[in-house]
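Have a look at the structure below, then the notes.
The values are calculated or read from the model by the stated rules, or taken from the named source; none is laboratory data. Here the structure is a predicted model, which is why all the values come from computation and not from measurement. Heads up, the Cβs are rebuilt from the backbone with ideal geometry, glycines too, and the neighbour counts pull from every protein chain shown.
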């Protein structure tokens, strides 16, 4: 009789252990699913922010096209600078106390409060739209802003005293279409405009931030 009672007690203990193990497994499974869903959701937001950046870049290119006659001077109200700003760190990830760089004033507060004081050179380069104005015209629910720099040494007309980075040119006798890969990408026999660098910052839900960079010429 004592042997039977002892066996029943052991069975109960084993059942309790198995129940605890199953409960822990279920909790781990739920947490794993939640984490996977969170990762997928964050990735989707990131993709959406990047797509919104593409729309903003197209708008910036249209602005450049519409203002071809006024691109030798800065237009800070529209986030445009007629020189390359070689020390610019658009994302704020490369500047440091040992190597301070210029930051973009994405918050339009003149202070770049998102960066630690003493880790950057300046916070003076404005963007378009301004932080407040950008909220009035979001792209797919994302706040988008841009800064445009012309890849020239200085402000003013391009020339020998103000060299600019431009597409390659060839002599008229050379086959212009040879080696062409995409439409609009052919080598031209006529002088080309300088390159323009468009950096777009897109902020979406859950503080998802995406940066894209586009190089164009006309």
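Brief remarks follow.
- The residues listed here are 144, 132; of these, the one that is over 22 Å from residue 196 (Cβ atoms), outside any loop (DSSP other than H, G, I, E, B) and modelled with pLDDT under 95 is 132.
- Verdict on residue 61 being touching a strand residue (DSSP E or B) at 6+ places or on another chain (Cβ under 6 Å) and either modelled with pLDDT under 85 or surrounded by 10 or more Cβ atoms within 10 Å (Cβ to Cβ) (or both): yes
Each row is one residue, and each column tells you yes or no for (1) modelled with pLDDT of 90 or more; (2) farther than 19 Å from residue 202 by Cα.
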{"position": "8", "(1), (2)": "no, yes"}
{"position": "23", "(1), (2)": "no, yes"}
{"position": "27", "(1), (2)": "no, yes"}
{"position": "38", "(1), (2)": "no, yes"}
{"position": "46", "(1), (2)": "no, no"}
{"position": "49", "(1), (2)": "no, no"}
{"position": "52", "(1), (2)": "no, no"}
{"position": "74", "(1), (2)": "yes, yes"}
{"position": "81", "(1), (2)": "yes, yes"}
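- Filter result (part of a helix (DSSP H, G or I) and either closer than 15 Å to residue 130 by Cβ or out of contact with any strand residue (DSSP E or B) (no Cβ under 8 Å at 6 or more places or on another chain) (or both)) within the range 64-81: 65, 66, 68, 69, 70, 76, 77, 78
- Residue within the range 196-205 that is surrounded by 13 or more Cβ atoms within 10 Å (Cβ to Cβ), under 24 Å from the mean Cα position of the chain (by Cα), at pLDDT 90 or above and assigned to a loop (DSSP other than H, G, I, E, B) present: no
- Residues that are surrounded by 13 or more Cβ atoms within 10 Å (Cβ to Cβ) and under 17 Å from residue 127 (Cβ atoms) within the range 96-112 comprise 101, 102, 103, 104, 105, 106, 107, 108, 112, listed in sequence order.
- For residue 120, the conditions (1) modelled with pLDDT under 90; (2) in a loop (DSSP other than H, G, I, E, B) are fulfilled apart from (1).
- For the range 74-95, residues that are exposed (fewer than 12 other Cβ atoms within 10 Å of the Cβ) and either more than 21 Å from the chain's Cα centre (by Cα) or in contact (Cβ under 8 Å) with a residue 12 or more places away in the chain (or both) total 1.
- Residue within the range 179-191 that is modelled with pLDDT of 90 or more, in a loop (DSSP other than H, G, I, E, B) and surrounded by fewer than 19 Cβ atoms within 10 Å (Cβ to Cβ) present: no
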